[in-house]
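Each remark here refers to the structure printed beneath this line.
The values are calculated or read from the model by the stated rules, or taken from the named source; none is laboratory data. Source: prediction; values computed, not measured. Here Cβ is always computed from backbone atoms with ideal geometry, including for glycine, and neighbour counts include all displayed protein chains.
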Amino acid sequence: MKKHFHIRVNGIVQGVGFRPFIYRLALENNIKGYVLNDTEGVTIEAEGEEEDLRKFVRAIKEDFPPLAIVQEIKIEEKEVNHFDRFWIEKSRTTDKKITFIPPDTNICKDCLKEFFDPKDRRYHYPFIVCTHCGPRFSIVKDIPYDRHNTAMAEFLMCPDCKREYEDPLDRRFHTQPTACPACGPKLFLYRNDKTLISEDVEEIVKKVYQYLKEGLIVAIKGVGGYHLACDATNDEAVLKLRERKRRPFKPFALMTGTIEKIEEFLEVSPKEREILLSKERPILILKEKKTLVSRYVAPDLTYIGIMLPYTPFQHFLFSLDKDLILVMTSGNLSEEPICYKDEEAFERLSHIADYFVTYNREIVAHSDDSVMFVIKEKPFFIRRSKGFVPAPILMKKAFPVHLFASGGDLKNSFAIAKDKVVILSQYLGDLESPITQKVYKEAVKHFLKVFDVHPEVFISDMHPNYFTTSLTDRLAERKLRIRVQHHHAHIVTVMAEHELEEPVIGLSFDGTGFGTDGKIWGSEFLIADRKEFKRAGHFSYFMLPGGEKAIKEVWRIGLSFLYQSGIPLDYLPFKEGKPIDLILQMLEKKINSPFACGMGRIFDGISALLGICEKITTEAEAAQKLEETALKARKFYKIEIEPIEIENELVIPTEELIRKIMELKDKGVSISEIALSFHWAIIEVSLKVVQRIRERTGIKRVVLNGGSFQNRILLKNLWEKLEKLGFDVYLPQKTPLNDGGIALGQIIIGRENLV
Ligand code: ZN
Ligand code: ZN
Ligand code: FE
């Protein structure tokens, strides 16, 4: 019997080839009616035999196009209209704008095939793209998502491209960025003094390969900005890049052509393989098993970040040499945002790069490569940016109003929310310098425009000195303004991801977060729900002599540890030339020495006391080196510490931990074994605290989040032990473990606190 289904599909279903997909499905299943884009998604009027309709609906659910995200499919039965064909109806014009923009993704296999096919009209054309792949977020200027609102506006489609664009059965039907050598953007090779070397793609790729093999540095304009590339197997080239980029320690990311090449020198699990090959193409941190690249790529580290090519040009370059491994690092000076505007790139990068590969299409929204790692076959983000942004994080409950959450000042991402989605911004880095602050403000403006968000509620961290706090004050004007505790936000981020409603025990371990008592928190055991929290435990406070300075010069924290634990100062390594007496006076008089208990700072202090790290050049360097040292140990010593009950809080005596660590040092235990023992001491005492909280509250859901859980020893073992003890453990899988994820928690806490 003939039936009529009225089908509504919500999610990312516009500009991703959804209507032609439906059109083809309808023809295949003998369905009559039409499909159209409207304000919230796609509507389909479908008539056919019941069995055909069921098949049609199942295929919609299962086979939708790669860039689409289907949030919800609603079906209503209606009276039969007796349509005689299936067609694509003109979009309904409404004043409400389209909400979603897909992320930028890897070139798809169909386009790649055409790219390497000498008979194809897009043979070796670096801007080949189709409905299922290529740049999106990076080129959209405004909505609706039509070509004239993108960076492609100035390129007039040629008749061939236009024909494909208008054909519902073509892979490039309504592909806004579609282009070909006759009508699209072009590639250029320049020397760093702006002398044009070539406009010929074949010549450019060969020359670039040759330059790289000669040990030169080439800036290559990618999807979200410029990369700096050099031969990763060439010590001299890598060192030169470190020096010019002013980046002594922070590891460089690599790129190579094939998964086989990666497997040749790095350990790859099935999940890791899947992530490397995914359309998002993040940098994945993997364990080295064989030395193929310069040791200056990741000095003294066991883990290396690597990704596979995703732009046509990258694919072309690596096709020349299957053994090629390049450093592909963001085109910037240390701590500055990635360069993405051409003029600026020449200004800021010409003393780093010898040559520039660029093209005449603007990057509208910049993004760095995303960075991930895998533990126990679960993915974790260190940076969520290109490939993932601005994919929405879907919620069950709709937001009553539009919200804005600023994120924090470090590893910033902000968030906006409307309807049933939260959208996290790209990674915007540390908002310390005027240049990153400017980029942040521009990004906020851009997001509010392209997602048509008009916030009624403005949320930030409660840190009084954060740039994001004062900027949010200004943005809010007289609208509702909410301030959220940092570690509460970390925990609620995970609750939101896993749709947890009931209270949890939240372990939020990180470097710095402003506490409700005005001190610096960061080793928090919270009993939290989406609205409120209670502090149930933490490590005891210690002083940071010099405040911010101690975070960079971690030997100061080491000294403070000794002072507070009553251990002779002779134990301090790196004493030479240090203003020891001055720092002691500061500690004694408590001048400019804020109280803190951040896990990251405890790692810093111990790293200093073990002589591993004196001062850092990049965030978490001391902690990372401590972890690296611990990885070398074969055994560890059990360190017992008892939490002390103080005013309803379980306080872990940090001094006790330090004394016991130094006892091991006294006994002549190797530094790597002490480092591992320290990790286990943190794990064991955390387990004690969590168990005591469970005894008191009956809660057995535990959330772990915060930058310190980027430490694999800590994350993996605490997670495993908690599960063994019968806890349900929840971890962030869609957002970064560090402050890059807190804007999601801020948004949710903000909503819960609307009265
Ligand atoms: Zn494609
Ligand atoms: Zn064309
Ligand atoms: Fe944090």
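For residues that are surrounded by 18 or more Cβ atoms within 10 Å (Cβ to Cβ) and either among the polar types (S, T, N, Q) or without any contact (Cβ under 8 Å) to a residue 24 or more places away in the chain (or both), tally how many sit in segment 251-277.
Summing the residues that are surrounded by 18 or more Cβ atoms within 10 Å (Cβ to Cβ) and either among the polar types (S, T, N, Q) or without any contact (Cβ under 8 Å) to a residue 24 or more places away in the chain (or both) in segment 251-277 gives 2.
For segment 366-381, what are the residues that are closer than 13 Å to MET307 by Cβ and outside any loop (DSSP other than H, G, I, E, B)?
Initially, segment 366-381 is screened for residues closer than 13 Å to MET307 by Cβ, giving 368-373.
Once the filter is applied, which keeps residues that are closer than 13 Å to MET307 by Cβ and outside any loop (DSSP other than H, G, I, E, B), segment 366-381 yields ASP369, VAL371, MET372, PHE373.
Can you name the condition, by its number, that ASP142 falls short on among (1) of a type in the set (Asp, Glu); (2) part of a loop (DSSP other than H, G, I, E, B); (3) over 20 Å from PHE451 (Cβ atoms); (4) more than 16 Å from ligand 2 (Cβ to nearest atom)?
For ASP142, the exception is condition (3).
Restrict the check to segment 623-634 and report whether at least one residue is part of a loop (DSSP other than H, G, I, E, B) and either surrounded by fewer than 17 Cβ atoms within 10 Å (Cβ to Cβ) or out of contact with any helix residue (DSSP H, G or I) (no Cβ under 9 Å at 6 or more places or on another chain) (or both).
As a first pass, look at segment 623-634 and keep what is part of a loop (DSSP other than H, G, I, E, B): 632-634.
Then keep just the ones that are either surrounded by fewer than 17 Cβ atoms within 10 Å (Cβ to Cβ) or out of contact with any helix residue (DSSP H, G or I) (no Cβ under 9 Å at 6 or more places or on another chain) (or both); that gives 632, 634.
So far as segment 623-634 goes, yes, one or more of its residues are part of a loop (DSSP other than H, G, I, E, B) and either surrounded by fewer than 17 Cβ atoms within 10 Å (Cβ to Cβ) or out of contact with any helix residue (DSSP H, G or I) (no Cβ under 9 Å at 6 or more places or on another chain) (or both).
Assuming ALA232 fulfils every condition listed in (1) surrounded by fewer than 23 Cβ atoms within 10 Å (Cβ to Cβ); (2) in contact (Cβ under 8 Å) with a residue 12 or more places away in the chain apart from one, which condition is it?
(1)
Against the conditions (1) assigned to a loop (DSSP other than H, G, I, E, B); (2) over 22 Å from ARG19 (Cβ atoms), where does HIS174 fall short? Just the number, please.
(2)
Using the structure shown, decide if LYS206 is buried (at least 18 other Cβ atoms within 10 Å of the Cβ), modelled with pLDDT of 95 or more and either of a type in the set (Lys, Arg) or in contact with a helix residue (DSSP H, G or I) (Cβ under 8 Å, 6 or more places away or on another chain) (or both).
Values: buried (at least 18 other Cβ atoms within 10 Å of the Cβ): no; modelled with pLDDT of 95 or more: yes; either of a type in the set (Lys, Arg) or in contact with a helix residue (DSSP H, G or I) (Cβ under 8 Å, 6 or more places away or on another chain) (or both): yes.
So LYS206 fails the test.
Counting only residues that are in contact (Cβ under 8 Å) with a residue 24 or more places away in the chain and among the charged types (D, E, K, R), which one in segment 38-62 is surrounded by the fewest Cβ atoms within 10 Å (Cβ to Cβ)?
Going through segment 38-62, the residues in contact (Cβ under 8 Å) with a residue 24 or more places away in the chain turn out to be 38-50, 53, 55-57, 59-60.
Imposing the further condition that a residue be among the charged types (D, E, K, R) reduces the set to 38, 40, 45, 47, 49-50, 55.
Working: ASP38: 16, GLU40: 19, GLU45: 19, GLU47: 22, GLU49: 14, GLU50: 11, LYS55: 17.
Top of the filtered list is GLU50.
Any residue that is part of a strand (DSSP E or B) and in contact (Cβ under 8 Å) with a residue 40 or more places away in the chain - is there at least one of those in segment 13-27?
Initially, segment 13-27 is screened for residues part of a strand (DSSP E or B), giving none.
So far as segment 13-27 goes, no, none of its residues is part of a strand (DSSP E or B) and in contact (Cβ under 8 Å) with a residue 40 or more places away in the chain.
Exactly one of (1) within 16 Å of ligand 1 (Cβ to nearest atom); (2) surrounded by fewer than 15 Cβ atoms within 10 Å (Cβ to Cβ); (3) in contact (Cβ under 8 Å) with a residue 24 or more places away in the chain is unmet by LEU156. Its number?
All conditions pass for LEU156, except number (1).
State the number of residues belonging to segment 730-753 that are surrounded by fewer than 17 Cβ atoms within 10 Å (Cβ to Cβ) and in contact with a strand residue (DSSP E or B) (Cβ under 7 Å, 6 or more places away or on another chain).
Our first condition is that a residue be surrounded by fewer than 17 Cβ atoms within 10 Å (Cβ to Cβ); within segment 730-753, this holds for 733, 752-753.
Those still in the list that are in contact with a strand residue (DSSP E or B) (Cβ under 7 Å, 6 or more places away or on another chain) too: 733, 753.
Count: 2.
Quick one: which of LYS397, LYS445, LYS438, LYS449 is assigned to a loop (DSSP other than H, G, I, E, B) and surrounded by fewer than 21 Cβ atoms within 10 Å (Cβ to Cβ)? If you could, list the steps in order and put the result at the bottom.
Working: LYS445 fails: assigned to a loop (DSSP other than H, G, I, E, B); LYS438 fails: assigned to a loop (DSSP other than H, G, I, E, B); LYS449 fails: assigned to a loop (DSSP other than H, G, I, E, B).
Only one candidate passes the filter, namely LYS397.
Do the conditions hold for GLY513, that is, is it away from ligand 1 (no atom under 16 Å from the Cβ), farther than 24 Å from LYS396 by Cβ and part of a strand (DSSP E or B)?
Values: away from ligand 1 (no atom under 16 Å from the Cβ): yes; farther than 24 Å from LYS396 by Cβ: yes; part of a strand (DSSP E or B): yes.
Against the criterion (away from ligand 1 (no atom under 16 Å from the Cβ), farther than 24 Å from LYS396 by Cβ and part of a strand (DSSP E or B)), GLY513 qualifies.
In the set ASP430, ASP409, ASP419, which member is in contact (Cβ under 8 Å) with a residue 24 or more places away in the chain, within 18 Å of the chain's Cα centre (by Cα), surrounded by fewer than 21 Cβ atoms within 10 Å (Cβ to Cβ) and farther than 30 Å from ILE107 by Cα?
ASP430
Can you tell me how many residues within segment 337-353 are within 24 Å of PRO299 (Cα to Cα) and surrounded by 18 or more Cβ atoms within 10 Å (Cβ to Cβ)?
So in segment 337-353, the residues within 24 Å of PRO299 (Cα to Cα) come out as 337-338, 349, 351-353.
Right, trim to surrounded by 18 or more Cβ atoms within 10 Å (Cβ to Cβ) and you get 337-338, 349, 352-353.
Counting residues in segment 337-353 that are within 24 Å of PRO299 (Cα to Cα) and surrounded by 18 or more Cβ atoms within 10 Å (Cβ to Cβ) gives 5.
Taking into account only those residues within segment 179-203 that are assigned to a loop (DSSP other than H, G, I, E, B) and under 25 Å from GLU236 (Cβ atoms), which is farthest from ligand 1 (Cβ to nearest atom)? It would help to see each step written out before you state the result.
Quick first cut of segment 179-203, residues assigned to a loop (DSSP other than H, G, I, E, B) only: 179-186, 192-195, 199-200.
Applying the additional criterion that residues be under 25 Å from GLU236 (Cβ atoms) yields 192-193, 195.
Numbers: ASN192: 33, ASP193: 36, THR195: 34 Å.
For segment 179-203, the residue satisfying everything is ASP193.
Is it the case that segment 173-195 has a residue that's more than 30 Å from GLU344 (Cα to Cα) and within 16 Å of ligand 2 (Cβ to nearest atom)?
Of the residues in segment 173-195, the ones more than 30 Å from GLU344 (Cα to Cα) are 173-174.
When the remaining residues are screened for being within 16 Å of ligand 2 (Cβ to nearest atom), the result is 173-174.
Yes, some residue in segment 173-195 is more than 30 Å from GLU344 (Cα to Cα) and within 16 Å of ligand 2 (Cβ to nearest atom).
Filter segment 489-544 down to the residues that are closer than 16 Å to GLN746 by Cα and of a type in the set (Gly, Ala, Ser), then identify the one that is surrounded by the fewest Cβ atoms within 10 Å (Cβ to Cβ).
Ranking the qualifying residues of segment 489-544, first place goes to GLY515.
Identify the single condition in (1) assigned to a helix (DSSP H, G or I); (2) within 16 Å of ligand 1 (Cβ to nearest atom) that LYS206 does not satisfy, given that it satisfies every other one.
(2)
Give me a count of the residues in segment 139-153 that are within 16 Å of ligand 1 (Cβ to nearest atom) and out of contact with any helix residue (DSSP H, G or I) (no Cβ under 7 Å at 6 or more places or on another chain).
Filtering segment 139-153 down to residues within 16 Å of ligand 1 (Cβ to nearest atom) leaves 139, 152.
Then keep just the ones that are out of contact with any helix residue (DSSP H, G or I) (no Cβ under 7 Å at 6 or more places or on another chain); that gives 139.
Adding up the residues that qualify gives 1.
For segment 416-427, check the following and say yes or no: at least one residue is touching a Leu at 6+ places or on another chain (Cβ under 6 Å), farther than 21 Å from GLU280 by Cβ and assigned to a strand (DSSP E or B).
yes
Has segment 234-256 got any residue that is modelled with pLDDT of 95 or more, charged (D, E, K, R) and not in a helix (DSSP H, G or I)?
no
Of all residues in segment 18-42, which are within 17 Å of ASP170 (Cβ to Cβ), in contact with a strand residue (DSSP E or B) (Cβ under 7 Å, 6 or more places away or on another chain) and not small (Gly, Ala, Ser)?
Taking segment 18-42 first, the residues within 17 Å of ASP170 (Cβ to Cβ) are 18-28, 35.
Retained after the next criterion (residues that are in contact with a strand residue (DSSP E or B) (Cβ under 7 Å, 6 or more places away or on another chain)): 18-19, 22-23, 26-27, 35.
Answer for segment 18-42, where residues must be within 17 Å of ASP170 (Cβ to Cβ), in contact with a strand residue (DSSP E or B) (Cβ under 7 Å, 6 or more places away or on another chain) and not small (Gly, Ala, Ser): PHE18, ARG19, ILE22, TYR23, LEU27, VAL35.
Looking only at segment 107-127, which residues are within 18 Å of LEU308 (Cα to Cα) and within 9 Å of ligand 1 (Cβ to nearest atom)?
ILE107, CYS108, LYS109, ASP110, CYS111, LEU112 - these are the residues of segment 107-127 that are within 18 Å of LEU308 (Cα to Cα) and within 9 Å of ligand 1 (Cβ to nearest atom).
Out of PHE137, PHE115, which single residue is under 25 Å from GLU199 (Cβ atoms) and away from ligand 3 (no atom under 16 Å from the Cβ)?
Residue meeting the stated conditions: PHE115.
If we scan segment 463-470, do we find a residue that is surrounded by fewer than 19 Cβ atoms within 10 Å (Cβ to Cβ), away from ligand 3 (no atom under 16 Å from the Cβ), closer than 30 Å to THR618 by Cβ and of a type outside the set (Gly, Ala, Ser)?
yes
Pick out the one residue from CYS130, CYS108 that is over 20 Å from GLU40 (Cα atoms) and away from ligand 2 (no atom under 16 Å from the Cβ). Break it down stepwise before answering.
Details: CYS130 fails: away from ligand 2 (no atom under 16 Å from the Cβ).
Of the residues listed, the single one that is over 20 Å from GLU40 (Cα atoms) and away from ligand 2 (no atom under 16 Å from the Cβ) is CYS108.
Filter segment 154-171 down to residues that are within 15 Å of ligand 2 (Cβ to nearest atom) and in a loop (DSSP other than H, G, I, E, B), then give me how many there are.
Filtering segment 154-171 for residues within 15 Å of ligand 2 (Cβ to nearest atom) gives 154-167, 170-171.
In the following step, the residues that additionally are in a loop (DSSP other than H, G, I, E, B) were identified as 154-158, 167, 170-171.
Residues meeting the conditions: 8.
Look through SER686, SER677, SER672 and report the one residue that is touching a strand residue (DSSP E or B) at 6+ places or on another chain (Cβ under 8 Å) and small (Gly, Ala, Ser).
On the way: SER677 fails: touching a strand residue (DSSP E or B) at 6+ places or on another chain (Cβ under 8 Å); SER672 fails: touching a strand residue (DSSP E or B) at 6+ places or on another chain (Cβ under 8 Å).
From the options SER686, SER677, SER672, the qualifying one is SER686.
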